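For reference, the structure discussed in these notes is given below.
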Ligand SMILES: [Ca+2]
């Protein structure tokens, strides 16, 4: 494996000598293009962990089995000020009503850290684009699942699964990408502090806007990754391609380099929603049925007892 320092030195040297070659190099070093080589041995520019399985046509972050977790991490820091990534994926499984949990695309300070947020570390620093297939939320929801959302974190916030991250998201949109025959795609563009996310989920070969958020500050030098997890519910979470594009910037080399010190932040959040505790579980239909049944049996029993008692009294009266 090439070390971080050596890698950045190579990029800097290449960019100084041949800017065009530098762009091509950046594209390749952050991309994953089929056929994936190595079949479980080596994936150029990427590391994988957990239950991730590499085949020549797809990389399976989790199989459609319970309690699995996998991740893929690029091992070169992104030194472009502006960039765009296109991720081609397929989420599919046996479940028709119940399935989960989803996957996330990361641009973070740390890499290869497993944890509870779709297989990766909570309290992360950076950007998470989350494709959540399972609705954990019990309270009032303002969207359906699968749901696509963005979260920017400076390392202090926790992703709240019970609320499907709705209290920390920058923006989101409903998406339908499960169990289709074709490849589905997501585009994440980060240009001049504007984060734009679009999808191509209907095999139309055109991008549909999901959201655009202004004033999102992310540093250079973070890592790209993807991770997925299953719990009681499961799905195959497959990555079919990852293409990175470096987008032109008017910033000088010094300005770009100085961005390594930025602490991730976003000035525009969705209006925060009140954090309510889940309502206490109500009476189930089965419970209500048995209470009614018991009531009826008791009433019938009392009636029978009453009738026989009076009958008894009456018949006794006749003897006296
Ligand atoms: Ca969820």
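The values are calculated or read from the model by the stated rules, or taken from the named source; none is laboratory data. If you're wondering where the values come from, they're calculated on a predicted model, not measured in any experiment. Here Cβ is always computed from backbone atoms with ideal geometry, including for glycine, and neighbour counts include all displayed protein chains.
Condition check: surrounded by 23 or more Cβ atoms within 10 Å (Cβ to Cβ), within 12 Å of the chain's Cα centre (by Cα) and more than 16 Å from the ligand (Cβ to nearest atom). Does residue 106 satisfy that? Yes, satisfied.
Just checking, does the range 37-55 include any residue being modelled with pLDDT of 95 or more, part of a loop (DSSP other than H, G, I, E, B), touching a strand residue (DSSP E or B) at 6+ places or on another chain (Cβ under 8 Å) and crowded, with 21+ Cβ neighbours inside 10 Å? Yes, there is a match, as at least one residue in the range 37-55 is modelled with pLDDT of 95 or more, part of a loop (DSSP other than H, G, I, E, B), touching a strand residue (DSSP E or B) at 6+ places or on another chain (Cβ under 8 Å) and crowded, with 21+ Cβ neighbours inside 10 Å.
Only one entry in 127, 131 is crowded, with 23+ Cβ neighbours inside 10 Å, more than 15 Å from the ligand (Cβ to nearest atom) and not in a loop (DSSP other than H, G, I, E, B), namely 127. Only one of the numbered conditions (1) within 13 Å of the ligand (Cβ to nearest atom); (2) over 13 Å from the mean Cα position of the chain (by Cα); (3) on the phi > 0 side of the Ramachandran plot is violated by residue 164, and that is (2).
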